[in-house]
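*Asks:* Okay, handing you the structure first.
Where a number appears in this text, it was derived from the coordinates with a stated rule and is not lab data. All of these numbers come straight from a predicted model, not from anything done at the bench. Positions of Cβ are generated from backbone atoms using ideal geometry, with glycine treated the same way; all protein chains shown enter the neighbour counts.
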Amino acid sequence: MQKRRRHFIAAAMGGCMLGAMLAGLPVAHADSFPSRPIKFVVPFGPGSGTDTSARYFARQLQDLTGQPVVVENRPGANGFIAVKNVLSAPADGYTVFIGSNSTLAVNAALFKQLPYDPVADFAPLTMMMRSPAMLAVKPQAPYADLKGLIAYAKANPGKADFGAGSAGYQLMGELLNDAAGIQVVHVPFKGAAEAITAVASGTVDYTFAEVTAVQELAKDGRVKAVAVASDKRVSTSPDVPTATEAGLPGFEAYTWVGAMVSAKTPPAETAKLAELFTKISKMDETRGFYERLGATPMTGGPDQMRTFQKNEIALWKRIVTKAQVPQQ
C-alpha cells in the first residue's frame, strides 16, 4: 500500500514538473501573432493604386510587428487569380488580400457567376484609401476637354474606345457612356498601368485611372488629363477640372482599397490584424502619404468596411442595370 502511494506521489510530482516545464515554452496563440512573415496578395501589377497602398502598409506593418511583409502581385482574370491564391492558402492570418472596389464590389455586379463570394469568403480588416478617378485621353486626340470627347463620340458612335484595367474602371466607362449618352467600345487590360500606357501610345482613345498614374504622364505631355470624377479638384492637379466643371454635372467615380483575409481565419488573428491595419490607417504619416497622391485615407475598422462594401455592391448593381451593361 505504501509502495503504491510512493508511486502515485512520484507520478504526481512528475506531472507538476512537466507542467512547469511546458509553461515555460512559447505557446502559439493570438498574443504572439504574428510570429513569422506575412504575405500581401495584390490583384494588380506594380504601380497601381492598390499596389502602392499595399507596399506602404507593408512597410508600416513590418515596423509595428518586426516581421517581414512581402507584397506579391497576381494580376489578371479580373482579380480571380489573386483571390484564388488567397483563398487556397492556409487560413491562418499570414496571407492578406489587398483588394479594391473591382474585386470586392464591382465583380459582384458585373459577373453572373463569380468563382468566389466577395462578402462570404472574406473577413474585413479595414479600409485603406479612396481616390477619385481621373479621365485621360490620348495626346493626339482631336479634342482637348471632356466636352470635346463627348461631342466626338456622339459624332462617331461605336468608333471611339476606352481602355479599362479592371472591372471597376470598366463600369466607370459605362457610367460615362450612360451619363453622356454616347456609344463607346470597351477594351480590357490586365491593369490600370497597361490601360494608361495604351492611351499614351494612342492605342485607345481614353481611360479612367488613378490620379497619380495620370498626372505623371500628363506632366510629360504623354496624355491629356481632362477631368477628375469627384466633387472637388485634387490638390496635386489643381488645373484639372471636376467632371461637373468640365460639362458633365454630378459625375463622380472613386476607386478604393481595403484589406481582407479568408473568412476561415481564426477570429483572434483576424482581430489582431484589424487592430494593426486600423492603427496604420489612422497615422498622421498615412494621411500625408495619401494626400500627396491626391487620395484620402479611410480609417473604418471591420464593421465599417463590411457596411461600406455591401453599399458599394448595391451601387454598382444599380449602375449595371441602369446602364444596361451586359453581365459576363
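*Asks:* Between Gln67 and Thr203, what FRET efficiency comes out of the Förster formula 1/(1 + (r/R0)^6) with R0 = 45 Å and r the beta carbon distance, rounded to 0.05?
*Replies:* 0.60
*Asks:* Next question, about the same structure. Could you grab the relative contact order for the chain? Cα pairs under 8 Å, six or more apart, rounded to a whole percent. Write down the numbers at each step before the final one.
*Replies:* Working: 646 pairs, mean separation 81.0, N = 328.
Computed value for the chain: 25 percent relative contact order.
*Asks:* Here is a follow-up. Calculate one ³J(HN,Hα) per residue across segment 141-147 by plugging θ = phi - 60° into the Karplus curve 6.51 cos²θ - 1.76 cosθ + 1.60, and present them in order as whole Hz with x for glycine and proline.
*Replies:* 4, x, 10, 10, 8, 5, 4
*Asks:* For the chain, take every pair of Cα atoms, bin their distances at 20 Å starting from 0, and report each bin as a whole percent.
*Replies:* 31, 49, 13, 6, 2, 0
*Asks:* If you don't mind, there's one more thing I want to ask. Give me the distance in nm between label points sitting 7 Å out from Cα along the Cα-to-Cβ direction at Thr307 and Arg55, one decimal.
*Replies:* Computed distance between label sites Thr307 and Arg55 equals 3.4 nm.
*Asks:* Sticking with this structure for a sec: Report the convex hull volume per residue for segment 46-118, counting only C-alpha atoms, in Å³.
*Replies:* 93
*Asks:* I've got another one for you. Quick one: helix 267-281 against the long Cα principal axis of the chain, what's the angle to the nearest 10°, folded into 0 to 90?
*Replies:* Approximately 50 degrees, to the nearest ten.
*Asks:* If amide H atoms are built 1.01 Å from N in the plane of the peptide, which residues on other chains or at least 5 residues away come under 5 Å of the amide H of Ala164?
*Replies:* Val187, Phe189
*Asks:* Let me ask something else about it. Could you list Met127, Met134 so that the one with the fewest beta carbons within 10 Å of its beta carbon is first and the one with the most is last?
*Replies:* Lowest to highest Cβ neighbour count: Met127, Met134.
*Asks:* Let me ask something else about it. Return the long-range amide H neighbours of Val223 (sequence gap of 5 or more, or a different chain), with a cut-off of under 5 Å between placed amide H atoms.
*Replies:* Close amide H contacts, sequence-distant or interchain: Ala218.
*Asks:* Which of the three applies to segment 72-156, rounded, prolate or oblate, going by the alpha-carbon gyration tensor with a ≥ b ≥ c and a/c under 1.5 meaning rounded?
*Replies:* The shape class here is prolate.
*Asks:* Using only the Cα atoms of segment 134-228, build the gyration tensor, take square roots of its eigenvalues as a ≥ b ≥ c, and label the shape rounded, prolate or oblate: rounded if a/c is under 1.5, else prolate if a/b is larger than b/c, else oblate.
*Replies:* oblate
*Asks:* With an 8 Å cut-off on Cα pairs and a minimum separation of 6 or more residues, tell me the relative contact order of segment 228-299 in percent.
*Replies:* Once normalised by length, the contact order is 27 percent.
*Asks:* Considering only DSSP beta bridges with both partners in the chain, what is the antiparallel share in %, to the nearest 5?
*Replies:* Around 60 percent antiparallel, to the nearest 5.
*Asks:* Work out from phi, with θ = phi - 60° and the Karplus expression 6.51 cos²θ - 1.76 cosθ + 1.60, the ³J(HN,Hα) of each residue of segment 175-187, listed in order in whole Hz, and give x for Gly and Pro.
*Replies:* Values, residue by residue: 5, 5, 3, 5, 5, 8, x, 10, 10, 10, 7, 8, 10 Hz.
*Asks:* While we're on this one: What is the distance in Å between the Cα centroid of segment 249-313 and that of segment 133-179?
*Replies:* That distance is 29 Å.
*Asks:* What full-extension length gain, to one decimal in nm, is calculated for Ala268 and Lys322 as 0.36 nm per residue of separation minus the Cα-Cα distance?
*Replies:* Here the segment from Ala268 to Lys322 would lengthen by 15.3 nm.
*Asks:* Would you work out the charge dipole size for the chain about its Cα centre, treating the Cβ of every Lys and Arg as +1 and the Cβ of every Asp and Glu as -1, and quote it to the nearest 20 debye?
*Replies:* Numbers: 33 positive and 27 negative charges, 250 e Å.
Dipole magnitude for the chain comes out near 1200 debye.
*Asks:* Checking the cross-link filter: which lysines have an alpha carbon closer than 23 Å to that of Lys138, excluding same-chain neighbours under 8 positions apart?
*Replies:* In chain and number order, the partners are Lys147, Lys154, Lys159, Lys190, Lys219, Lys224.
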